[in-house]
Amino acid sequence: MNTGSDKAAIGLFGGTFDPVHQGHLALAQHVLSQCHLDRVLFIPAPRPPHKGVLQTTFEERVAMLELALAEAGAGTHMQCSRIEADLPAPSYTVQTVEALLQRGTCCTYFFIIGGDSLIDLPSWHRIKDLLKRINLIVVQRDHLAVDRVGQMLRSLDASFTYERARGLWCNQQGRTVEYIDDIELPVSSSQVRAALARGERPAMLAPAVFAYIRQHHLYGWKDT
Ligand code: ATP
C-alpha cells in the first residue's frame, strides 16, 4: 500500500482462528502482496462477541497460529498479536484499533475483513467511530458489486466518495476502503472442526497445527 509516508503499513487481521487454516494464511499473503503491506498482524479474539462458547482456549488458538506462521516461514511479514488478551472482553474491533493507535503513530493500519463480513458492518460496535479511525481492506468473498459496497459505506458515513484513480473510497477523515479480488480457498474453521470430530484429517490444516491438535486432543480428535 502506498501510504505516501515513511510509516509502516500494517494489516490487522482479526478472527477467532479456531483453528487457523490455510484459507486464513492465503488471505493474509494475498493482502500483503496485493496491497503492498509491510506486515499482517493476526489478532485472535479471546472472546469474540458473535460466536458462542469455543472448544479451545485463547492460548491454544495462539499456539496454533504461531505454529502455522512458523511453518509457513512468515518471519516478520506475518505475526500473531495478543493485544486483545489485555483489553476488556468481549473483543470489539474499535477498542483494539484505539489501543493500537494509542501506542504510537509509527504505523498506518489497515483492518482486513472478508466481503462476507461487510454486510454485518452496521451491527459492529461503534462502527462509525471505527471508520473514522482506520482504513479497511475488504476482500471480496461473495461477489458483492462495487456499487453495493459504496451504498453500504455511505449508509454508515455519508462522506465516503469513490476515487476512481486510486480505486478506493475515501472519507472526510482521509480513511480509505479498498475492495480487492478474492482468493477464496474452500475451507472454514467450522469445516475443519467438523472433520476432526469425525476422525478425519482436514486437508487445509498446516501439519504442525494438526500435530498440536492431536497432542492436545482438541476438537474431539482421538487417535485410533
Ligand atoms: P468459522 O467457520 O468458525 O466461522 P472461519 O474459518 O470463517 O471460522 P474466522 O476466524 O471466523 O474463520 O475468520 C476470520 C476471517 O477470515 C474472516 O474475515 C473471514 O472472512 C476470513 N476467512 C475465513 N476463511 C477464509 C477463506 N477460506 N478464504 C478467505 N477468507 C477467509
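The values are calculated or read from the model by the stated rules, or taken from the named source; none is laboratory data. What you see is a predicted model, and the numbers here were worked out from it, not measured in a lab. Note: ideal-geometry Cβ built from the backbone for every residue, glycine included; neighbour counts use all protein chains shown. Side chains are part of the model used for accessible areas, which takes the heavy atoms of the whole protein and leaves out ligands, DNA and RNA. Shrake-Rupley method; radii C 1.70, N 1.55, O 1.52, S 1.80 Å.
Normalising the average separation of contacting C-alpha pairs (under 8 angstrom, six or more residues apart) by the number of residues puts the relative contact order of the chain at 23 percent. Placing unit charges on the Cβ atoms only, positive for Lys and Arg and negative for Asp and Glu, gives the stretch 8-219 a dipole magnitude near 260 debye about its Cα centre. Between residue 151 and residue 190, the contour length at 0.36 nm per residue exceeds the Cα-Cα span by 11.0 nm. For residue 12, the residues whose modelled amide H falls within less than 5 Å of its own, excluding neighbours fewer than 5 places apart on the same chain, are 41, 110, 111, 112.
Residue order by solvent-accessible surface for 77, 125, 50 is 50, 77, 125, largest first, with ligands and nucleic acids left out and a 1.4 Å probe. The lysines whose alpha-carbon is closer than 28 Å to the alpha-carbon of residue 132, local same-chain residues fewer than 8 away aside, are 7, 51.
For the chain, the share of accessible area belonging to carbon and sulfur comes to 49 percent (1.4 Å probe, ligands and nucleic acids excluded). Applying 0.36 nm per residue to the separation of residue 164 and residue 217 and subtracting their alpha-carbon distance, the gain on full extension is 14.0 nm.
Angle of helix 22-34 to the longest C-alpha principal axis of the chain, folded into 0 to 90 degrees and rounded to 10: 30°. Can you tell me the FRET efficiency between residue 50 and residue 6 if r is taken as the Cβ-Cβ distance and R0 is 45 Å, rounded to the nearest 0.05? Step by step, r from the Cβ atoms, then E = 0.75. Between helix 58-71 and the chain there is an angle of about 90 degrees, using the helix long axis and the longest principal axis of the Cα atoms.
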